[in-house]
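Student: Take a look at the following structure, please.
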Amino acid sequence: MRHHMYNPEFKFVVEPEHFDKYTDRELLQYCLGAAMYMPGFKDFTPKILAHAMPGLTTMVLCFEDACPEEKVPEAMENVHHLLATVTEAVDSGKLNPDYVPLIFVRVRNLAQFKAFGEKLTKQEVRSLCGVNFPKFNAENGYEYYAYLQDLNDRFGEILYGMPIIEDPEVAYKESRMAQLLGIKKILDKYKPLVLQVRVGGTDFSSVFGVRRGVDYSLYDIMTVRECLSDIINVCGRNNDYVISGPVWEYFRAPKELMFDDLQHYGIEDYLMRRQPLVNGEIDGLLREVLLDKANGFVGRTVIHPTHVKFVNALMAVTKEEYDDACQILSVGGGVVKGSGGNKMNEIKPHTNWARKIYQRSRAFGVIKNESGFVKLFAVNE
């Protein structure tokens, strides 16, 4: 798998690297990008076999919020079939392994996770990258990861776990820090199995009875912003864990977007000054992804296929960022002028930033300048 396969003509300064579930965790944790949630009871096997969604690199088959409780048995059977069929297609040469996205399941609770896990086969596990744990907190987290470790030991394979921090106990100010410190303790114990930390912006909003509109960001919702800030503070120190951004709820999906009229420069100026770029729904998504990057998030959850290429395009690294990161990582200390001649690179304080930029460049590629963002996503698949 490789990012931006929907736009094969795009010329990168540095090409994004290929990856799969067996890629070293230090890089793989940056590769997920836009992780699209899909109901577990819908059969996406034909689309995977036909490589019908070339931009999709990460998919999550959901047994929880996107799946009515009465459909959970049907969904589990469907996912078992999908995983077995994908592995068989790769083994028989019918499916190029480079076209297989990273596949995760979002379980409903611990009991349902165990019911699903007990029916997993070695063949299915080869196509399963990991499991997302909803409403993850300091009380249920150990059991989730202990059972995940059992599955890894049983199959001699790698299955990652991704906690979704969205529990009301994290939303409440008086219990938040104790919960986050407890969660961090669990993650540290099972760190080799933690691929990313995910956050639930919609669940946090629900606690306070609020919902962001299309014209402003989740970062404008004060109570939710505080939750996200504290999660970054506890789990994102020294790049301990890669944390992905929350879902954007709005979409407008015309058959064809009119990309020919887009300006090919100054994307941040357009978005931050609220000048129309694509449409209200996509502009809101792009604006929020820019704020994600500014705050240290990498990638995000998406719920609509049209969002995938916009999120992944903005994860690419500009040449100036890349040159600065390489310079910082190659110098022992002190202060040097940045590659653009417009900033200082202070080696020690900027090292964590540089490491994150370098890994993102490997995952999403290096583009010439900011105009490359638009050129990267401005194609109709």
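Computed from the coordinates by the stated procedures, all read-outs in this text should not be read as laboratory data. Note that the structure is predicted; figures quoted are calculated from it, not measured. Heads up, the Cβs are rebuilt from the backbone with ideal geometry, glycines too, and the neighbour counts pull from every protein chain shown.
Student: Report for the chain the percent antiparallel among DSSP-assigned beta bridges with both residues inside it, nearest 5.
Tutor: 15
Student: I would also like to ask the following. Under a Cβ-only charge scheme (Lys and Arg +1, Asp and Glu -1), can you give me the dipole magnitude of the chain about the Cα centre, in debye to the nearest 20?
Tutor: Dipole size: approximately 640 debye.
Student: Put +1 on the Cβ of each Lys and Arg and -1 on the Cβ of each Asp and Glu in the chain; which of 276, 55, 298 then has its Cα farthest toward the positive end of the dipole?
Tutor: Selected residue: 298.
Student: Moving to a separate point now. Given H placed 1.01 Å from N in the peptide plane, which residues other than close sequence neighbours of residue 199 have an amide H under 5 Å from its amide H?
Tutor: When sequence neighbours closer than 5 places are left aside, the close amide H contacts are 165, 244.
Student: Please report, in debye to the nearest 20, how large the charge dipole of segment 152-255 is about its Cα centre when each Lys and Arg carries +1 at its beta carbon and each Asp and Glu carries -1 there.
Tutor: The dipole magnitude comes to about 180 debye.
Student: Considering only 38, 103, 345, whose Cα is most displaced toward the positive end of the charge dipole of the chain, charges sitting on Cβ of Lys, Arg (+1) and Asp, Glu (-1)?
Tutor: 345
Student: Taking R0 as 25 Å, what FRET efficiency do you get between residue 273 and residue 222 from their Cβ-Cβ distance, rounded to the nearest 0.05?
Tutor: Computed FRET efficiency for residue 273 and residue 222: 0.60.
Student: Once you have a ≥ b ≥ c as the square roots of the Cα gyration tensor eigenvalues for segment 58-198, tell me rounded if a/c is under 1.5, and otherwise prolate or oblate according to whether a/b is larger than b/c.
Tutor: It comes out prolate by the Cα gyration axes.
Student: If you don't mind, another one. What distance in nm separates the two pseudo spin-label positions at residue 370 and residue 178, each 7 Å out from Cα along the beta-carbon direction?
Tutor: 4.6
Student: OK, next. Pull out the extension gain between residue 9 and residue 123, defined as 0.36 nm times the separation in residues minus the alpha carbon to alpha carbon distance; nm, one decimal.
Tutor: Full-extension gain reported as 37.5 nm.
Student: For segment 227-249 and segment 84-120, what is the separation of their Cα centres, given in Å?
Tutor: 27
Student: Now for a separate question. Residues of segment 173-201 with backbone nitrogen within less than 18 Å of a virtual label 7 Å along the Cα-to-Cβ line of residue 237, please, listed as ranges.
Tutor: 176-191, 197
Student: Cross-link candidates for residue 343: which aspartates and glutamates have Cα within less than 20 Å, leaving aside residues fewer than 8 places away along the same chain?
Tutor: Within the straight-line cut-off, residue 343 pairs with 268, 269, 320, 321, 323, 324, 370.
Student: Starting from the Cα gyration tensor of the chain, take the square roots of the eigenvalues, sort them a ≥ b ≥ c, and report rounded, prolate or oblate (rounded when a/c is under 1.5, otherwise prolate if a/b is larger than b/c, else oblate).
Tutor: The shape class here is rounded.
Student: Further, regarding this structure: Given only helices, namely DSSP H runs of n ≥ 4 each adding -39500 (n - 2.57), what is the per-residue ellipticity at 222 nm of the chain, to the nearest 500 deg cm²/dmol?
Tutor: Value at 222 nm, helices only: -13000 deg cm²/dmol.
Student: Between residue 153 and residue 20, what length comes free when the chain is fully extended (0.36 nm per residue of separation minus the Cα-Cα distance, one decimal in nm)?
Tutor: That pair, residue 153 and residue 20, stretches by 45.9 nm at full extension.
Student: Reachable lysines from residue 119, Cα under 18 Å, same-chain residues fewer than 8 places away excluded?
Tutor: Within reach: 71.
Student: Once you sort the root eigenvalues of the Cα gyration tensor of segment 53-131 as a ≥ b ≥ c, which label holds: rounded (a/c under 1.5), prolate (a/b larger than b/c) or oblate (the other case)?
Tutor: Here segment 53-131 falls in the prolate category.
Student: Report the charge-dipole magnitude of segment 274-370 in Debye, nearest 20, computed about the Cα centre from +1 at each Lys and Arg Cβ and -1 at each Asp and Glu Cβ.
Tutor: Here segment 274-370 has a charge dipole of around 200 debye.
Student: Kindly rank 244-250, 334-340, 1-7 from highest to lowest mean number of other beta carbons found within 10 Å of each residue.
Tutor: Listed from highest to lowest mean packing, they are 244-250, 1-7, 334-340.
Student: So, one more: Could you point to the residue in 239, 4, 128 farthest towards the positive end of the chain's charge dipole, with +1 and -1 charges on the Cβ of Lys/Arg and Asp/Glu respectively?
Tutor: Value: 239.
Student: Return the FRET efficiency for the residue pair residue 208, residue 303: r is the Cβ-Cβ distance, R0 is 22 Å, and the value is rounded to the nearest 0.05.
Tutor: E between residue 208 and residue 303, to the nearest 0.05, is 0.55.
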